[in-house]
Structures are given as structure tokens and as C-alpha cells.
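Student: Have a look at this one.
Please treat every number below as a calculation from the coordinates, not as lab data. Quantities reported herein were computed from a predicted structural model and do not represent experimental measurements. Cβ coordinates were reconstructed from backbone atoms using ideal geometry, including for glycine residues, and neighbour counts include every protein chain displayed.
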Amino acid sequence: MSTHPDAGGWAASTGDRESLTDRLKRYILDKRMLSGDPLPSETDLAEILSASRSSVREALRTLAALDIIEIRHGHGTFVGQMSFAGTIESLIFKGLLSSQGDLEVIDDLIDLREAFDIALTDHVMAGLAQKADPAIEETLADMDLHAAANNAAGVEAAEKRFHEQLLGHAGNKLATQLGTALWQVHNTVANTIRTPSQAELLETAKIHRTMYVMALHSRGRRYQAAILDRYEPLRGQVKKVTGSIRQASGEH
């Protein structure tokens with residue numbers, strides 16, 4: 001006899017091909033659960049979903065890999081933060097494979113980041129509303145210092161923070177998360193084909209400052225031009241490496 005009040009409510013019907021992970025997601029949605037809310041125990045979920053505990057455990061692991069749920073050992077299972085963690089890992093791996101071959105994925109990532117940043121131009125400018133952002137200015141100062149010290153890791157960390165802060169003015173949390181995810185994938189893969197010189201680090205700092213100033217003063221076209229300038233050196237490096245790979249393989 002069932003003991004849990006929800007028992008069987010999310011079980012698959014005869015002929016229903018809905019997977020156990022899909023039924024778990026439906027349970028979370030139907031219960032209107034939010035990030036951080038606790039899920040029933042494995043035993044209760046097995047009863048609710050009319051499934052074995054081992055099947056429930058495997059489904060939970062699948063959803064945990066997607067950050068839909070979070071398993072806290074010794075504390076239970078909770079609704080996750082719904083980040084792009086799984087997507088990031090997959091894209092990074094795909095990009096790393098490409099960096100050893102035709103570099104097509106890296107080229108696609110450059111196109112995607114350019115299009116994404118440019119598409120948010122009006123939203124970023126409207127969010128800034130011609131009011132200086134002290135946090136961004138501090139980040140830019142950090143970037144200048146790291147570039148002057150030829151500290152690539154420091155410039156990289158500051159650049160990530162800059163994009164998060166700037167996209168934060170777009171007024172769209174999902175856009176900020178997606179932009180950060182694209183930056184992480186792009187930067188990780190790009191680092192496999194080049195090590196920026198100090199001159200490039202200084203130029204990176206300069207271009208990001210230009211992006212901020214142009215967005216701050218609502219100069220959309222110049223802001224977008226700075227975005228294109230940011231990616232041009234990497235485009236050139238991709239072409240150079242691609243040419244070397246083709247030459248080595250005898251392609252013309």
C-alpha cells in the first residue's frame with residue numbers, strides 16, 4: 001500500500017515513453033519547486049514515480065550532471081541552480097577536439113560571441129543610462145595593471161568579470177549567464193591555440209575600456225566596432241593555425 005501522498009501521480013502510463021528523468025522534471029514543475037527546494041528521498045521518489053530506487057538514483061545523477069538538481073551528500077537532494085554547467089563542459093570538450101583539427105568550432109564561437117554581444121548593444125546602453133559604473137571602472141583598472149605586468153591569467157580573470165558586469169546592465173539574468181558561459185567556452189578553447197603577448201594583453205585592456213566608454217556614452221556603432229576589434233586578433237590566429245594544419249596535411 002502506498003504511503004506517500006504523491007505516490008503514483010507521476011508514473012508513466014501504459015505505452016507512455018516518457019523517461020524517468022522527464023517524469024522527475026515534470027514532478028518538479030508541477031510542484032512549482034524553486035532552486036534550493038528539497039526533493040523527497042530516493043525511497044519516496046521511487047514510490048511517487050512507481051520506479052525502482054536504482055532507477056531513481058540513476059535519473060537523479062543524470063539531472064545532477066545538467067545542474068537541474070543538486071545532490072548534497074548527507075543532506076539530501078535539492079532543486080539545482082539551472083546553470084549552463086553541462087552545456088559549458090560539452091562545448092569546451094567539442095572545442096578542444098576542434099583545436100586539434102580544423103578549428104571550425106572556434107571560428108563558430110567567435111561568430112556567436114560577436115553576434116551575441118552586438119545584439120545586446122541597445123540593452124546595455126539603456127541599462128548604463130550614461131551613468132558611470134564604479135565596479136566596471138575598478139575591473140578595467142585591474143585589467144590595465146595585469147596587462148602592464150604581463151599577467152595573462154590576471155587579464156583573463158578581469159575580462160570575465162568585465163563581461164559579467166557589463167551584461168548585467170542589459171537587465172536580463174539569462175543573457176548574463178549565457179554570455180558568461182560563451183566567454184568561458186571561447187576563452188578555454190582559444191587558450192589552446194595561442195599564448196597572448198604582452199602587447200596583445202595591453203591591447204585587450206585598451207579595447208575593453210573603449211567598449212565601456214562607448215556603451216556609457218551611448219555610441220552604439222563605436223561600441224560594436226570595439227567588439228569586432230576585440231575578436232579580430234583571434235580570427236587571425238585561427239586562420240594562421242588552420243593554414244599551417246592544411247599545409248602539413250598537403251591540402252591546397
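Student: How far apart, in nanometres, would the label points at E232 and E138 be if each is projected 7 angstrom from Cα along the Cα-to-Cβ direction?
Tutor: According to this spin-label approximation, the distance is 3.3 nm.
Student: Please provide three numbers in whole Å: the alpha-carbon extents of the range 120-252 along the principal axes, with the largest listed first.
Tutor: Taking max minus min along each principal axis of the Cα atoms, the range 120-252 gives 54, 30, 25 Å.
Student: Further question on the same structure: Within the range 17-54, list the GluC sites (Glu not before Pro) lying in a DSSP loop whose Cβ has at most 13 other Cβ atoms in a 10 Å radius.
Tutor: Here the GluC sites (Glu not before Pro) that fit, given the DSSP loop and packing criteria, are E18.
Student: Find how much the distance from R57 to Q177 grows on full extension, using 0.36 nm per residue of separation minus their present alpha carbon separation; answer in nm with one decimal.
Tutor: That works out to 40.3 nm of additional length.
Student: Could you pull out which residues in the range 201-223 have an amide N less than 16 Å from a spot 7 Å beyond the Cα of Q130, following the Cα-Cβ vector?
Tutor: So the set is 213-221.
Student: When Lys and Arg each count +1 and Asp and Glu each count -1, what net charge do the other residues less than 12 Å away from E70, Cβ to Cβ, add up to?
Tutor: Residues near E70 contribute 0 overall.
Student: List the lysines whose Cα lies under 30 Å from the Cα of K25, skipping any in the same chain that are fewer than 8 positions away.
Tutor: K25 reaches K94, K173.
Student: Bin width 10 Å, alpha-carbon pairs only: give the P(r) of the range 153-194 as whole percents, running from 0 to the bin holding the largest distance.
Tutor: For the range 153-194, the binned pair fractions read 29, 52, 18, 2 percent.
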